[in-house]
Amino acid sequence: MNTLFLIIAVLVVAGVVFKVISLKVAVLAVAGALVAWGIATYNQFVQLSNRVAEAWSDIEVQMKRRYNLIPNLVETVKGYAAHEKDVFESVTQARAAAMGATSMADHAKSENMLTNTLKSLFAVAEAYPQLRANENFLELQRELTDTEDKIQASRRFYNGNVRDYNTLRESFPSNMIANAFKYAKKEFFELEEEAARAPVQVKF
């Protein structure tokens, strides 16, 4: 849209220079093109903002599902390894921090911490064959791994929309619309590469 507007402006100016169209017509044409471009660009910001919000909502749904699975998982592991109190406390504290996060940076930090503590919990499970054979534990592990995968997919979709939004916001001349209507820069949801590439899993 930015390119189209610039092309129209150049053509109109060229028309005036070579006396193909009058100055009055040229002014009206540029004004009309400017209004049309402004409306289209504003609508583009609205569309991208809605996509970003929708994508973040998808991430929140999956994170809440993850939070709901963790207490059952901890209780199941406790039944076989009750003495591993430090691990259980770390997982519980990390879950509480993740649920209480408000900013994007806090969400990223707390999710990374939660992923690491869950890896410790599953490492404990490795030492208990009966636990690893428990049907409830296996189902919780499958659901948690599935949720991790969905969080990563939703995160990529969210970041893709944030990238498109920020590109439009920072490009000229659409940045004038962004500034006029106070469309602020949006943050990416960044997770640690190791955590992003290796969802919580248990090898049997």
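None of the figures in this text is laboratory data; all of them are computed from the coordinates on show. Worth saying up front: this structure is predicted, and the values here are computed from it rather than measured. Every residue, glycine as well, gets a Cβ built from its backbone with ideal geometry; the counts of neighbours run over all protein chains shown.
Number of residues in the range 32-61 that are over 19 Å from residue 162 (Cα atoms), of a type outside the set (Gly, Ala, Ser) and either in contact with a Cys (Cβ under 6 Å, 6 or more places away or on another chain) or surrounded by 15 or more Cβ atoms within 10 Å (Cβ to Cβ) (or both): the value is 1. Exactly one residue out of 158, 165, 183 is among the aromatic types (Phe, Trp, Tyr), over 23 Å from residue 109 (Cα atoms) and part of a helix (DSSP H, G or I): that is 165.
Looking only at residues of the range 134-158 that are farther than 30 Å from residue 51 by Cα and charged (D, E, K, R), we find that the one that is surrounded by the fewest Cβ atoms within 10 Å (Cβ to Cβ) is 135.
The number of residues in the range 65-99 being surrounded by 13 or more Cβ atoms within 10 Å (Cβ to Cβ) and of a type in the set (D, E, K, R) comes to 5.
Residue 131 satisfies every condition listed in (1) out of contact with any Leu (no Cβ under 8 Å at 6 or more places or on another chain); (2) surrounded by 13 or more Cβ atoms within 10 Å (Cβ to Cβ); (3) within 30 Å of residue 183 (Cβ to Cβ) except (3).
Among the conditions (1) assigned to a helix (DSSP H, G or I); (2) among the small types (Gly, Ala, Ser); (3) within 24 Å of residue 135 (Cα to Cα), residue 81 misses just one, which is (1). The residues of the range 94-113 that are without any contact (Cβ under 8 Å) to a residue 12 or more places away in the chain, part of a helix (DSSP H, G or I) and more than 16 Å from residue 69 (Cα to Cα), listed by number, are 106, 109.
Taking the numbered list (1) within 30 Å of residue 43 (Cα to Cα); (2) touching a residue at least 60 places away in the same chain (Cβ under 8 Å); (3) outside any helix (DSSP H, G or I) in turn, residue 150 passes all entries but (3).
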